[in-house]
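The values are calculated or read from the model by the stated rules, or taken from the named source; none is laboratory data. Computed from a prediction, not measured in an experiment: that's the story for all the values here. Note that we place each Cβ from the backbone using ideal geometry, even for glycine, and neighbour counts take in every protein chain shown. Just so you know, the surface numbers come from the protein's heavy atoms only, side chains and all, with ligands and any DNA or RNA stripped out. Shrake-Rupley method; radii C 1.70, N 1.55, O 1.52, S 1.80 Å.
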Amino acid sequence: NSPYSASKASSDHLVRAWNKTFGLPTIITNCTNNYGPFQFPEKLIPLMIIKALNKEKLPLYGDGSQIRDWLHVEDHAKAILILLKNGLVGESYNISGGNQVKNIEVVNEICMVLKSKIDTNFNFKSLISFVEDRPGHDKRYALDSSKIQNSLGWKPKRNFQDGLAETIDWYIKNEKWWAKYTSNNTTLLRRGVKRT
């Protein structure tokens with residue numbers, strides 16, 4: 001529905017065309033939303049963790065009911081390595097985490113984990129602020145990864161709650177890494193939020 005989504009679909013068509021027309025050895029992968037350490041702070045999970053650590057407003061699009069399937073970055077990397085070794089040239093593979101969660105539930109979980117780890121007296125959920133939805137925002141992303149699971153034996157190892165808790169720990173311990181993105185009056189905003 002958005003130019004962003006259309007650009008991803010068109011890139012798949014171009015890669016497939018080069019494979020079919022000129023024999024370029026390609027494998028296409030489509031994955032669900034990634035999360036984990038070192039993710040750029042503009043993305044939902046690191047943005048919410050960092051803003052909550054700073055006790056700033058947590059901007060959530062619309063009513064937060066958009067559903068995303070979350071895949072830990074290490075599970076994604078392992079899938080790509082398997083495909084590089086054993087994937088069939090010219091094929092497409094979906095890589096999903098099997099963790100379909102509403103955005104509001106993700107943010108609530110972050111708030112609960114931070115309350116238990118950082119400040120049991122502070123209500124992190126009070127920081128949630130609903131903002132204007134971005135144009136063409138898709139309601140749900142999900143993929144069926146049974147092809148890579150059945151043909152190559154890959155499946156995600158991390159469940160979302162454990163992976164999210166590990167990710168939160170990483171951001172707590174690595175302020176030096178993410179602080180450079182919030183220093184010098186740089187304001188972290190999600191892409192698509194109207195700037196005034």
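Per residue, the accessible area of the chain comes to 57 Å², computed with a 1.4 Å probe over protein heavy atoms only.
Let me check against my output: what whole-number percent is the relative contact order of the range 1-149, with C-alpha pairs under 8 Å and at least 6 apart?
Computed value for the range 1-149: 34 percent relative contact order.
Each principal axis of the range 1-116 carries a Cα extent, and these read 54, 30, 22 Å when sorted largest first. For K115, the lysines whose Cα falls under 25 Å of its own Cα, not counting residues fewer than eight places away in the same chain, are K43, K51, K55, K57, K102, K125, K173, K176, K180.
When you count, for each residue, the other Cβ atoms within 10 Å and take the mean per peptide, how do 57-68, 80-91 rank with the highest first?
57-68, 80-91
When V101, V15 are compared by accessible area at a 1.4 angstrom probe, the order from most to least is V15, V101.
The simple spin-label model puts a point 7 Å past each Cα toward its Cβ; for D169 and D12 those points are separated by 3.5 nm.
Each part reduced to its alpha carbon centroid, the range 6-41 and the range 101-166 end up 23 Å apart. Rolling a 1.4 angstrom probe over the chain with all protein chains present gives an accessible area of which 53% lies on carbon and sulfur atoms. Packing, taken as the mean count of other beta carbons within 10 Å per residue, orders the peptides 169-176, 30-37 from highest to lowest as 30-37, 169-176. Relative to the longest principal Cα axis of the chain, at what angle does helix 103-117 sit, 0 to 90 degrees, rounded to 10? With rounding to tens, the tilt is 50 degrees.
Report which label in (1) 1.13; (2) 2.32; (3) 1.02 holds the value of Cα Rg over 2.2 N^0.38 Å derived from the coordinates of this structure. So the calculated entry is the one marked (1).
Can you show me the helix-derived [θ] at 222 nm for the chain, built from DSSP H runs with n ≥ 4 at -39,500 (n - 2.57) apiece and divided by the number of residues, rounded to the nearest 500. Provide the component values of the computation, followed by the final result.
Numbers: 7 runs with 85 residues, N = 196.
Result for the chain, helices only: -13500 deg cm²/dmol.
Near the amide H of N30, within less than 5 Å, lie the amide hydrogens of Y93, N94, I95, all on another chain or at least 5 residues away, with H placed in the peptide plane. Using the Karplus relation 6.51 cos²θ - 1.76 cosθ + 1.60 with θ = phi - 60°, the per-residue 3J(HN,Hα) values for the range 59-65 come to x, 10, 5, x, 9, x, 8 Hz, with x marking Gly and Pro.
When the chain is treated as a GNM with alpha-carbon contacts under 10 Å, the residue of S92, S145, S116 showing the greatest mean-square fluctuation is S116. Using 0.36 nm per residue and subtracting the Cα-Cα separation, the extra length available between W177 and S126 on full extension is 15.7 nm. Computed from the Cα positions only, the extents of the range 93-161 along the three principal axes stand at 49, 33, 10 Å, in decreasing order.
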